[in-house]
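The values are calculated or read from the model by the stated rules, or taken from the named source; none is laboratory data. The structure presented is a predicted model; accordingly, all values stated were derived computationally and were not measured. Positions of Cβ are generated from backbone atoms using ideal geometry, with glycine treated the same way; all protein chains shown enter the neighbour counts. Note: areas computed on protein heavy atoms with side chains; ligands, DNA, RNA excluded. Shrake-Rupley method; radii C 1.70, N 1.55, O 1.52, S 1.80 Å.
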Amino acid sequence: MMLMPARRITSTPAPTSWSQLPHGEWLQAELSKALAPSCAKVFGYHFARVGQLAKALELPDLRVQHEFSAALTAGADIQTDLEYWPFAEGVLDAVIMIGQLEFERDPHQVLRELSRSLIADGHLILASFNPVSPAVLAGFWPNNTKKVPWRGRYFSKARINDWLALLNFEIIDSGYVAPTMMFAKTNSPSVGLGHIARYLPQVGSMYYIVARKREFPLTVVRHKQRAKPRVNALPVANRVK
């Protein structure tokens, strides 16, 4: 994954399971633990899990009545192109998308579609691969350039925050998780980085953002008109009294 323009000609296949990633089960557990406090505050009727990684993520404290998964690949409850999100406006209480945005053809359009389907004050939970993590270095290894997650594109947390701000989202929580070099052959996934992450959390291989959709009411503000001064009351030059 490299820093590139957001939009491109075609999409790239996203990960279909956590096992495709180096130390994938550990990554999954670390992210689940980090999102647990925020997900405990999410409640409602309809909750969409976007992408296969989000589908498999364990969120035991989630309080919603109906959960379903949506992805372009087979195996999801709803098979759909995310740029043409098949939901009406304001029908979903929360959406979670994990490691998916960086593989989409037009990530701006995907976020617009997800935003459109959320109710006012609905939650959008995103997690992506961190462009300032040391895990980037593993992507330069010749055998890894075409593998996930390195075949996607990096979007920094600050960049995603800017996109969400344009869509009128308020960031209520964010952070970095899972410090690792993503070398599958290492016995410990966080070897050499676990201690550093205590003082420099930006070395985490993934980051998460929990945002809430805000809708500010537009009310007409009536300004009081100033009384027009009477001409006769004004002093006039060379006026004869």
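Data for the structure
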quantity	calculated
Selection from region 131-147 of residues that are surrounded by fewer than 23 Cβ atoms within 10 Å (Cβ to Cβ) and either under 18 Å from the mean Cα position of the chain (by Cα) or closer than 30 Å to residue 86 by Cα (or both)	131, 132, 147
Scan of region 165-199 for residues that are part of a loop (DSSP other than H, G, I, E, B), touching a Phe, Trp or Tyr at 6+ places or on another chain (Cβ under 7 Å) and among the aromatic types (Phe, Trp, Tyr), ordered by number	none
Long-range neighbours under 8 Å by Cβ, at least six apart or interchain, first residue more than 17 Å from residue 6 (Cβ to Cβ) within region 142-159, second open to solvent by 10 Å² or more (accessible area, probe 1.4 Å) and aromatic (Phe, Trp, Tyr)	144/150
In region 42-66, the residues that are under 17 Å from the mean Cα position of the chain (by Cα) and open to solvent by 30 Å² or more (accessible area, probe 1.4 Å)	55
Answer from 73, 80 - the residue that is open to solvent by 20 Å² or more (accessible area, probe 1.4 Å), over 28 Å from residue 37 (Cβ atoms) and of a type in the set (S, T, N, Q)	73
Any hit, region 20-40, residues being in contact (Cβ under 8 Å) with a residue 60 or more places away in the chain, open to solvent by 50 Å² or more (accessible area, probe 1.4 Å), not β-branched (Val, Ile, Thr) and not in a helix (DSSP H, G or I)	no
Complete set of residues in region 72-127 that are among the aromatic types (Phe, Trp, Tyr) and touching a residue at least 40 places away in the same chain (Cβ under 8 Å)	103
Subset of region 54-98 (residues that are assigned to a helix (DSSP H, G or I) and touching a Ser or Thr at 6+ places or on another chain (Cβ under 8 Å))	54, 55, 56
